[in-house]
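Heads up, the thing below is written out as structure tokens.
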Amino acid sequence: MLKSRVLVIRRLLFETNPLLEPINSGGVAYSEVIVSTFAGYGRLGSNDGIEAIATFHFPTGIPVDANDNVYIADYYNTIIRKIDEFGMVITFAGTGSASSTDGLPTEASFNRLATISIDGNDNLFLTDESKHTIRKTNSRRNDIYACWNRNNRFD
């Protein structure tokens with residue numbers, strides 16, 4: 001179960017070798033924990049698939065929802081990735097083009113996703129650095145929209 005783990009990102013060689021790694025912190029001192037790769041294999045890319053063949057390009061912000069799904073803001077790929085409880089990595093949202101379009105997850109676009117967090121209703125909140133917005137996925141409506149922007153609009 002992923003909730004009992006702390007996820008860290010190993011960034012080697014100036015972020016050219018990104019790997020997601022779990023650390024089981026259940027009463028064990030961090031110095032005694034062996035770090036292993038959770039997803040990715042050290043190559044840049046945006047390949048979906050089982051965690052051993054998936055690739056990322058600067059993964060950031062890694063919240064876990066109530067169903068043990070892990071979400072990753074894939075910064076340079078400008079997409080949101082999802083790892084389900086079985087270890088399958090998929091592109092959850094984003095077209096891969098650097099833009100800022102609201103809409104359904106398959107139609108939405110991002111530019112420089114810096115962080116991602118999740119609330120108690122499994123809504124994701126995303127910071128889109130380039131467009132100076134906070135975006136939100138609405139788990140009930142299945143869409144993505146700017147909930148805070150330069151005009152101080154909050155939804």
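The values are calculated or read from the model by the stated rules, or taken from the named source; none is laboratory data. Only a predicted model underlies this, so the values are computations on that prediction, with no experimental measurement involved. Quick reminder, even Gly has a Cβ in these numbers, built from the backbone with ideal geometry, and neighbours come from all protein chains shown. SASA here: full protein model, heavy atoms, side chains in, ligands and nucleic acids out. Shrake-Rupley method; radii C 1.70, N 1.55, O 1.52, S 1.80 Å.
For (1) open to solvent by 40 Å² or more (accessible area, probe 1.4 Å); (2) not in a loop (DSSP other than H, G, I, E, B), each residue gets a yes or a no:
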| position | (1), (2) |
| --- | --- |
| A66 | yes, no |
| N77 | no, no |
| S117 | yes, yes |
| I144 | no, yes |
Exercise. Determine the pairs where a residue that is part of a loop (DSSP other than H, G, I, E, B) and open to solvent by less than 80 Å² (accessible area, probe 1.4 Å), located within segment 32-48, has a partner that is modelled with pLDDT of 85 or more and polar (S, T, N, Q) with Cβ atoms under 7 Å apart, the partner being 6 or more residues away or on another chain.
Key: G40/T55; G45/T55; S46/T55; S46/N77; D48/T91
